[in-house]
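Below is one structure, written out as structure tokens; the observations come after it.
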Amino acid sequence: MTKPNKKNATKKIEEINRSSLKVWSRRGFIGAGAIAGITAGGALMVGIAIRPGDRTEDLSAYVTNGDEQLITTWVKIASDNTVTAIIPHGEMGQGVHTALSAMLAEEMEADWDAMKIIEAPAEKDYANFVLAREFIFGSANVPTVLFDTVNGAMLAAAKSMNMQITGGSTSVRFTGTGAMLTAGAAAKELLLSAASKQWSVSISELRAEKGFIYHNDKKAPFSEFAEIAATLKPNLKPKLKKRNEYQLIGKSLPRVDIPSKVDGTAIFGIDATVSGMKYGTVKAAPVHGQKVKVMDASLAKKMPGVYGIYNMEDYIAVVADGYWQAKNALDVIDVTWTNNEIKNIDDGIIFEQYRTAIKTRKGKTLHKSGNTKKLINESASFYEAEYTVPFLAHACMEPMNATAWYRDGKCDIWAGTQNPLGTRQVTADTLDIDIDSVTVHTAFMGGGFGRRANPDYTNQAAQISKKSGVPVKLIWSREETTQQDFYRPSALGCFKAGLDVNGIPVAWESKFVHDMDPPEASAVIYDIPNVKAQYMESPSHIRVGAWRSVDHTQHGYFTESFIDELASNAGIDSYEFRRRLLKTKPRHLNVLDTAAKMAGWGKALPDGHAQGIAIVESFMSIVAQVVTVDISSGVPRVVNVACAADAGMAINPNGFIAQMESGIIFGLSAALYGEITISNGSVDQSNFYDYRMVRMDDAPSIDVEIITSDNRIGGAGEPGTPPIAPALVNAIYKASGQRVRNLPIGNQKFSVKT
Amino acid sequence: MVKLIVNGQNHEININPDTPLLWVLREKLGLIGTKFGCGSSLCGACTIHIDGKPIRSCVTPVSNIEGKSVTTIEGLADAEGSLHPVQEAWIEHQVPQCGYCQSGQIMSAIALLERNPNPSDDDIDTSMRGNICRCGMYGRIKAAIKSAAKKV
């Protein structure tokens, strides 16, 4: 690792502090007071995949049992030669436990078939060191959304490494490439050194293969050398394999979490059981910022099985013998909430505020090249369009829930969370106890998509357990889960292009609301010499947060719709138009060409059918999609999606394909139906009947092709989502001549262009 | 007292007869493989079988099933513990992502194959549209149903 320049590090951290504060005010939730100065210094130096020195004392207590030896931070070996990978990320279906373990096993030469996997405990020593390091030194493209997903954790602690986040498509590209490969290689070297000592032969005569060390005909399992290996100092820069030497990476390994998910034994947060626990449910103020004014629980108190009813200021809680009893009691509590001025706000007003902000506020420039103003004025012609996208909920299948037990000044929490360390810090702050008095037990997440990075639900469980004095499993209803989300921000984007005589853009100007997470979301991939992208802030009271692919969802749709409009304005095929503007970008061009070829771009299609194309680069992966749509019934039916993706390489190709399929359906639900609307300050939608999902009968067939390149490994969980909405609206335009500038498509009717 | 037969076992439970079966399974019998998703029969995560038919346990009062036979995801494996062919197909096609909806998906798929051993795409669409998969694994579910159909 390069020694950081202390001055630069300090500067970087100051920048983080400033931008955190800025983001906080918009997305703030908890513990603004905890934003203390983050100090630069030695702490940053521990940002390395493996931890030097005598690790066993620090870490073994967390993760080893009986005869196990911890070899590096991320791997332990038992006396029966079982190798266990310790994975610092949550599993929510993205296959990260399998992919990261395979990366470790690859370099360690462990026997994959005999390998075990555990999730790292929510301890600071298991924070994502590499992620934090790259983040802090700005050497990688880490989305700023991570600022608010860490909430209290990173900021309050001022212990700059206090991150254990699963999000931002970072697990494989940072923890995997930065930590797991190195940890595996270092562990192998330690085992070889130990064997060399024990057998008194030179390391060069030894080799490791499938969990054994070999010297000529002699072999012995890793476990024989584990005890000595654990006492040796690991090499911080072990020799890594070349990609073409990989045996496990690049193979479609069956996911380790799948068997338990088909026989019903997988334990999700909602399945936690604590002896003597009661069940709780809550209703929070429908308008954010309201408090309980009057609570009449006289009816609820008399209901069978009710243990306690609590006024928690901004929400009410019922604790009972079962969820059903708690829910029934909650439903008959009469609450009057305090009035506030927000009560008059609806989404019409929010969008008007956006429009006003764009017209009147001074913009902040995110991307600039050339001189757009001059060029647009001097262009042969110009073209303008305005797009909107609504608020969106995450709609995880598993409603928000957490089990908490507060007693004797300590609190245990059982939950599915994308942010276990943040959960600890926030709970500690709320209950006014030390972070070491909070233990978080993680479980599978029944969907995360960014929602479970916010520790609001765990925090409520802790508060209710403290108030009631019993362990409480808190379960939100579906309605509460829909109405108390941290929504994908709604947005408005205004685009203007200056065109040459052939209709080719020479200048591109965009103005939109909200700062970007990640900042490159509004960047334009096309070769346009003069570009200016600006945002204006227009905050509302609606809580917003990270939603699968974060602001690439809005901007993928804006940018790829606008370029499509420019193509049709120029009278040029939309795929050819993009090709012309990507001449200097062979990687993008290859992805675009692959998707077009997969879909048979330009081929004859049945009546009412048409194809649309889009390409978006996000999280260091490039994804192009071609949608084939059928509008002959008046309602768009997505027939097929062809998807080409270049993420450098796919660790687990079948898992990568599954991520693209999933990202596409996720984005399609949003494009077709997704809309959270606001009336009188509160969310209108409540359950799946008014917040619709794509179901089996409206799901298209999907073809995915993985492109392998020499580039750094990019993300998989999110990059499949952004291109689908623009590819779909572009296809609808081609079929109907009707341009969708406001998502969702909803109940709009289309007629076939004649 | 409500008398129930769940996965072949008899139970007598002291509970308000209006309580939905879902909560009896999860909280009284510890059968936590059946999931709570929406509470309104909209998502299918809580699907179980009553006398072989797929039923949403979140809206079915426990009193309605007195004396009837309930099968949950935990009751699918045979006496030797071998998985149901549909479960095996789910592994073969690597269907689950987050996995939360999958107990319900599998219960709906088995019920479909029991009444229609060779379903068409349209049959699968119709029978499975009540089960939401937020991770969007519909293509894999469809492929797994077809491959299980060959073995059931």
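The residue of region B:42-54 that is nearest to the other protein chains (Cβ to nearest Cβ), among those that are in a loop (DSSP other than H, G, I, E, B) and touching a Ser or Thr at 6+ places or on another chain (Cβ under 9 Å), is B:A45. Here is the figure for region A:699-747: residues that are at pLDDT 95 or above and within 14 Å of chain B (Cβ to nearest Cβ) total 9.
Here the condition is being in a helix (DSSP H, G or I), buried (at least 16 other Cβ atoms within 10 Å of the Cβ), touching a residue at least 40 places away in the same chain (Cβ under 8 Å) and more than 9 Å from chain A (Cβ to nearest Cβ); of B:I145, B:I141, it holds for B:I145 alone. Residue count for region A:443-489, restricted to those that are touching a residue at least 60 places away in the same chain (Cβ under 8 Å), more than 14 Å from chain B (Cβ to nearest Cβ) and under 22 Å from A:R548 (Cα atoms): 9. Within region A:525-538, identify whether any single residue is in a loop (DSSP other than H, G, I, E, B), at negative phi and aliphatic (A, V, I, L, M), and answer yes or no. Checked region A:525-538: at least one residue is in a loop (DSSP other than H, G, I, E, B), at negative phi and aliphatic (A, V, I, L, M). Contact map, region A:257-279: first residue more than 7 Å from chain B (Cβ to nearest Cβ), second residue among the hydroxyl-bearing types (S, T, Y) and in a loop (DSSP other than H, G, I, E, B), Cβ cut-off under 8 Å, separation 6 or more or different chains; pairs are A:G269/A:T417.
Here A:Y354 meets each of (1) hydroxyl-bearing (S, T, Y); (2) at pLDDT 95 or above; (3) buried (at least 20 other Cβ atoms within 10 Å of the Cβ); (4) in contact with a Lys or Arg (Cβ under 6 Å, 6 or more places away or on another chain) with one exception, condition (4). From the list A:A671, A:A642, the lone residue that is assigned to a strand (DSSP E or B) and more than 11 Å from chain B (Cβ to nearest Cβ) is A:A642.
Only a single criterion out of (1) more than 13 Å from the chain's Cα centre (by Cα); (2) touching a residue at least 60 places away in the same chain (Cβ under 8 Å) is not satisfied by B:S120, namely (2).
Of the numbered criteria (1) surrounded by fewer than 14 Cβ atoms within 10 Å (Cβ to Cβ); (2) part of a loop (DSSP other than H, G, I, E, B), the one A:V287 fails is (1). The residue that is farthest from the other protein chains (Cβ to nearest Cβ), counting only those in region A:372-385 that are buried (at least 17 other Cβ atoms within 10 Å of the Cβ) and part of a helix (DSSP H, G or I), is A:L375. With respect to (1) at pLDDT below 95; (2) surrounded by fewer than 18 Cβ atoms within 10 Å (Cβ to Cβ), the lone exception for A:K410 is condition (1). Filtering region B:43-53 to residues that are under 15 Å from B:Q105 (Cβ atoms) and either surrounded by 24 or more Cβ atoms within 10 Å (Cβ to Cβ) or without any contact (Cβ under 8 Å) to a residue 40 or more places away in the chain (or both) leaves B:C43, B:G44, B:A45, B:C46, B:T47, B:I48.
Screening the candidates A:A428, A:A357, A:A404 for the property of being aliphatic (A, V, I, L, M) and assigned to a strand (DSSP E or B) yields one hit, A:A404.
Among the residues of region B:4-41, those that are without any contact (Cβ under 8 Å) to a residue 60 or more places away in the chain, crowded, with 16+ Cβ neighbours inside 10 Å and among the hydrophobic types (A, V, I, L, M, F, W, C) comprise B:I15, B:L21, B:L22, B:W23, B:V24, B:L25, B:L29, B:L31, B:I32, B:F36, B:C38. For B:D78, all conditions in the list (1) buried (at least 24 other Cβ atoms within 10 Å of the Cβ); (2) outside any helix (DSSP H, G or I) hold save one; what is the number of the exception? That leaves (1) as the condition not met.
Tally time: how many residues in region A:728-754 are of a type in the set (S, T, N, Q), farther than 26 Å from A:T677 by Cα and surrounded by 14 or more Cβ atoms within 10 Å (Cβ to Cβ)? Count: 1.
When each of A:T427, A:T360, A:T388 is tested for being surrounded by fewer than 24 Cβ atoms within 10 Å (Cβ to Cβ) and in contact with a helix residue (DSSP H, G or I) (Cβ under 7 Å, 6 or more places away or on another chain), the lone residue that passes is A:T388. Check whether at least one residue in region A:226-244 is part of a helix (DSSP H, G or I) and free of Cβ contacts under 8 Å to residues at least 40 places away in the same chain, and report yes or no. Yes; the residues of region A:226-244 include at least one that is part of a helix (DSSP H, G or I) and free of Cβ contacts under 8 Å to residues at least 40 places away in the same chain. Of the residues screened, A:S621 is not one that is of a type in the set (S, T, Y), under 23 Å from A:F562 (Cα atoms) and within 14 Å of chain B (Cβ to nearest Cβ).
The values are calculated or read from the model by the stated rules, or taken from the named source; none is laboratory data. These numbers were taken from a predicted model, which means no experiment stands behind them. Because the Cβ atoms are built from the backbone with ideal geometry, glycine has one as well, and the counts that use them run over all protein chains shown.
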